[in-house]
Amino acid sequence: MTSKAAPFDALDRKIVAALIENGRTSFAEIGAAIGLSATAVKRRVDRMRENNVITGFTATVRPAALGWLTEAYVEVYCDSAAPPRRLAEVVRNHPEIAAAMTVTGGADALLHVRATDVEHFEEVLERIRAEPFIRKTISYMVLSHLLPESPEAGAGQPSASSGAANLL
């Protein structure tokens, strides 16, 4: 017998929004805010984890505090024979790559790279370009973050006007 996943309702959205706002908020605090007991909140969180709605909990660290002062996005253009799984293997070997995705448009992939300085970024770029199936790259250095409260900017917690509020 297969079990059907319980629906994702308004209370679940409020729980998720509270956890996005502050992942360390206690179940009792969340419950008090939305009208549930701590036990009921825990059951819902457990269910959402089992159903892969909540996939984990993490700390957001300001990259500059770790010495990552330079940031760029890199468009990657590959030879036609490069499958996404091969790209995934390559990007896993570069700790400076904070995010990587295949994309539509002219480029095959987009990489979010963090480095200690421009010299370090150039060295990372040379390592990426050394892959035999990489045809070319185009880089865009980040000058400033227009949404400084976003996780991509290394914000500690989203503001009330960010994504958490949009879940409600």
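The values are calculated or read from the model by the stated rules, or taken from the named source; none is laboratory data. The structure displayed is predicted, hence computed values, not measured ones. Don't worry about glycine lacking a Cβ; one is built from the backbone with ideal geometry, like all the others, and counts go over all protein chains shown. Only protein heavy atoms, including side chains, enter the accessible area calculation; ligands, DNA and RNA are left aside. Shrake-Rupley method; radii C 1.70, N 1.55, O 1.52, S 1.80 Å.
Scanning region 59-111 for residues that are at pLDDT below 90, open to solvent by 90 Å² or more (accessible area, probe 1.4 Å) and in contact with a helix residue (DSSP H, G or I) (Cβ under 9 Å, 6 or more places away or on another chain) turns up just one, R62. Mind listing just one residue for me: the one in region 124-147 that is surrounded by 11 or more Cβ atoms within 10 Å (Cβ to Cβ) and out of contact with any strand residue (DSSP E or B) (no Cβ under 8 Å at 6 or more places or on another chain) and, of those, modelled with the highest pLDDT? Step by step, filter region 124-147, then rank; the result is R127. Could you go through region 150-162 and let me know if any residue there is in a loop (DSSP other than H, G, I, E, B), touching a Phe, Trp or Tyr at 6+ places or on another chain (Cβ under 6 Å), among the hydrophobic types (A, V, I, L, M, F, W, C) and modelled with pLDDT under 90. No, there is no match, as no residue in region 150-162 is in a loop (DSSP other than H, G, I, E, B), touching a Phe, Trp or Tyr at 6+ places or on another chain (Cβ under 6 Å), among the hydrophobic types (A, V, I, L, M, F, W, C) and modelled with pLDDT under 90.
Could you grab me the full set of residues in region 112-123 that are in contact (Cβ under 8 Å) with a residue 40 or more places away in the chain and exposed (fewer than 13 other Cβ atoms within 10 Å of the Cβ)? Hits for region 112-123 are D117, V118. Set side by side, the residues R62, R49, R85 differ, and just one is among the basic types (K, R) and closer than 30 Å to L11 by Cβ, which is R49.
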